[in-house]
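A quick write-up on the structure given underneath.
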Number of protein chains: 2
Amino acid sequence: MKKLTSRQIEILRFITTFIKNNGYGPSVEDVRLFFGFKSPNAVTCHIRSLINKGYLSKELGKARSIKIKFSPFSGIPILGKVAAGKPVVVEDFSEDVLFSKDEMENVFALRVKGDSMQQAHIYDGDYVIVRRNVGINNGDIVAAVIGEEATVKYFKKIKDKTFLIPANPSYKPVEIKENFILGKVIGVYRKI
Amino acid sequence: MKKLTSRQIEILRFITTFIKNNGYGPSVEDVRLFFGFKSPNAVTCHIRSLINKGYLSKELGKARSIKIKFSPFSGIPILGKVAAGKPVVVEDFSEDVLFSKDEMENVFALRVKGDSMQQAHIYDGDYVIVRRNVGINNGDIVAAVIGEEATVKYFKKIKDKTFLIPANPSYKPVEIKENFILGKVIGVYRKI
DNA sequence: AATTATACTGTATATTTATACAGTAGTCAA
DNA sequence: TTGACTACTGTATAAATATACAGTATAATT
């Protein structure tokens with residue numbers, strides 16, 4: 001990822017938060033007004049730079065068609081450390097985020113039933129976050145279809161046979177066809 | 001929430017997936033072309049209905065300024081049951097979703113350190129999803145600032161004193177001032 | 001039976017919006 | 001010291017876009 005100038009960071013931050021606050025993107029004019037530019041071309045050039053560096057994309061001629069490709073400001077901010085007292089504010093550029101657009105591409109959720117994975121800290125009622133079309137290695141946790149139900153198990157391939165292995169030792173491994181695997185489990189979410 | 005007609009559901013579904021796929025909203029013309037309407041007014045009327053029923057909002061005169069207020073199609077789809085074999089498709093209207101816009105309002109994440117909540121299945125390295133400005137009751141899990149660090153504990157109020165109680169019995173309850181509470185923990189996420 | 005809402009066609013138009021082109025001035029690396 | 005990149009001003013304009021107004025026909029509600 002190419003480095004941004006401080007001005008470009010400001011522009012990207014504005015666009016990201018504008019979308020977060022309004023649900024749709026800013027027009028060139030919106031950006032111009034915010035920064036006090038006297039020419040719309042100032043905005044156009046900045047957007048072009050951000051596109052060239054891979055942070056944005058845009059459909060030529062279409063209004064408010066900026067799409068965020070990568071932004072350190074989108075997603076749920078992860079507030080690692082907090083200074084004593086309130087309020088908590090997102091700090092700056094390098095801040096990490098959860099559920100960024102990128103991360104959530106080709107992703108769906110499944111509700112977990114049963115206790116076959118509780119040794120892996122996946123419990124009944126949890127949601128597993130599954131990504132499609134991604135490489136799977138031995139030891140990965142996968143979601144797969146067995147019969148009519150979707151289940152979550154460890155993946156293990158021995159020679160040309162594929163097995164699903166529960167974390168709970170009271171259940172037995174199952175052999176399955178590889179094309180019944182829905183995807184790789186990339187996360188677990190539990191509502192409280 | 002007012003009921004939608006089947007046509008309105010189709011329109012809402014199109015708008016929602018358009019935003020998901022493109023990162024920005026459709027223009028009236030985009031919707032018109034997709035449905036094959038011969039007049040843009042057909043779209044305008046449908047959008048007006050969806051606004052009146054509380055599913056959308058829009059800035060008058062602004063291009064692509066549709067904002068989704070409530071949509072059963074946004075967020076990460078939860079695929080509960082799966083028919084035998086692939087592929088898995090999101091079914092229909094009543095489908096549930098995770099991380100909808102609504103749900104993620106005023107939300108941030110904190111990385112969990114230590115084992116003080118492992119009895120509540122919150123482990124070292126997990127992310128707690130915290131909502132600000134929401135009512136907190138006894139027994140809720142909250143995120144709070146103690147000294148220079150953020151922690152996650154059970155909330156308990158006895159008379160006019162507020163305590164934070166760890167799930168792990170080897171740690172002791174702490175009394176704190178209520179304004180050091182950052183918010184209510186509404187979920188736990190673990191990357192795998 | 002009357003009223004309201006749905007679901008459009010058809011036309012017209014104001015304005016929002018993006019973008020091109022021509023410059024200026026400063027910085028920064030080769 | 002030349003070229004590339006940044007960071008803008010200033011002007012002009014084609015095109016994208018939303019929306020208003022006038023209708024028609026059907027279904028649902030009261």
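The values are calculated or read from the model by the stated rules, or taken from the named source; none is laboratory data. Bear in mind that the values here come from a model prediction, so they are computed numbers and not experimental data. Reconstructed Cβ throughout: ideal geometry from the backbone, glycine too, with neighbour counts over all protein chains shown. Just the protein is used for accessible areas: all its heavy atoms, side chains included, with ligands, DNA and RNA removed. Shrake-Rupley method; radii C 1.70, N 1.55, O 1.52, S 1.80 Å.
The angle separating the long axis of helix B:6-22 from the principal Cα axis of greatest extent in chain B is about 70 degrees. Counting 0.36 nm for each residue step from B:Asn133 to B:Phe70 and taking away their Cα separation leaves a gain of 20.6 nm.
Under 20 Å from a label point set 7 Å out along the Cα-to-Cβ vector of A:Asn179, the amide N atoms of segment A:140-160 belong to A:143-151, A:156-158, A:160.
Express in nm, to one decimal, how much length is gained between A:Arg48 and A:Asn21 on full extension, taking 0.36 nm for each residue of separation and deducting their alpha carbon distance. Let's see the in-between values first.
Values: separation 27, 0.36 × 27 = 9.72 nm, distance 2.30 nm.
Answer, rounded to one decimal: 7.4 nm.
Counting only protein heavy atoms and using a 1.4 Å probe, the accessible area of B:Met1 comes to about 140 Å². Normalising the Debye intensity of chain B to I(0), with uniform scatterers on Cα atoms only, and taking log10 at q = 0.08, 0.13, 0.18 Å⁻¹ returns -0.42, -0.83, -1.10. Quick check: the distance between the Cα centres of segment B:98-132 and segment A:1-74, to the nearest angstrom? Cα centroid of segment B:98-132 versus Cα centroid of segment A:1-74: 30 Å apart. Here the 3J(HN,Hα) profile of segment B:158-168, calculated from phi with Karplus coefficients 6.51, -1.76 and 1.60 at θ = phi - 60°, is 10, 6, 9, 10, 10, 10, 10, 10, x, 6, 7 Hz, Gly and Pro shown as x. Scanning residues 5 or more positions from A:Gly25 or on other chains, those with amide H under 5 Å from its amide H are B:Gly25, with H placed 1.01 Å from N in the peptide plane. Annotation note: trypsin sites (Lys or Arg not before Pro) in segment A:24-60 located in DSSP loop regions with a Cβ neighbour count of at most 15 within 10 Å are A:Lys38.
Give, in whole angstrom and from largest to smallest, the semi-axes √(5λ) of the equivalent ellipsoid of segment A:151-192, with λ running over the eigenvalues of the Cα gyration tensor. Could you put the intermediate results ahead of the total?
On the way: eigenvalues 93, 40, 12 Å².
Those come to 22, 14, 8 Å.
Counting charges near A:Ser27 (Lys, Arg +1; Asp, Glu -1) among other residues having Cβ under 13 Å from its Cβ returns a value of +3.
Across q = 0.15, 0.18, 0.21 Å⁻¹, segment A:6-74 modelled as identical point scatterers on its alpha-carbon atoms has Debye log10 I(q)/I(0) values of -0.40, -0.60, -0.84, in the order of the q list. Using 20 Å as the cut-off for backbone N distance, which residues of segment B:108-144 belong to the label zone defined by a point 7 Å from the Cα of B:Ile78 along Cα→Cβ? B:108, B:121-122, B:127-131, B:141, by backbone N distance to the label point. For chain A, the relative contact order comes to 14 percent (Cα pairs under 8 Å, sequence separation of at least 6). The interface between chain B and chain A buries about 5000 Å² of solvent-accessible area in total (1.4 Å probe, ligands and nucleic acids excluded). For segment B:107-189, the normalised intensity computed at q = 0.13, 0.17, 0.21 Å⁻¹ comes to -0.34, -0.60, -0.94 (log10 of I(q)/I(0), Debye sum over alpha carbons, equal scatterers, no solvent).
Dividing the summed helix terms, -39500 (n - 2.57) for each DSSP H run of n ≥ 4, by the number of residues in chain B produces a 222 nm estimate of -6000 deg cm²/dmol to the nearest 500. Put simply, the amide H of B:Lys69, placed in the peptide plane, has neighbours under 5 Å in B:Leu56, B:Ser57, leaving out anything fewer than 5 places away on its chain.
Structural descriptor for segment A:107-189: relative contact order 34 percent, calculated from alpha carbon pairs under 8 angstrom and at least 6 residues apart. The lysines whose alpha-carbon is closer than 20 Å to the alpha-carbon of A:Lys53, local same-chain residues fewer than 8 away aside, are A:Lys2, A:Lys3, A:Lys67, A:Lys69, A:Lys101. Relative to the longest principal axis of chain A, what angle (0 to 90°, nearest 10) does the C-alpha long axis of helix A:40-52 take? Helix A:40-52 sits roughly 30 degrees off the main axis of chain A. For A:Lys156, the lysines whose Cα falls under 22 Å of its own Cα, not counting residues fewer than eight places away in the same chain, are A:Lys113, A:Lys172, A:Lys177, A:Lys184, B:Lys86, B:Lys191.
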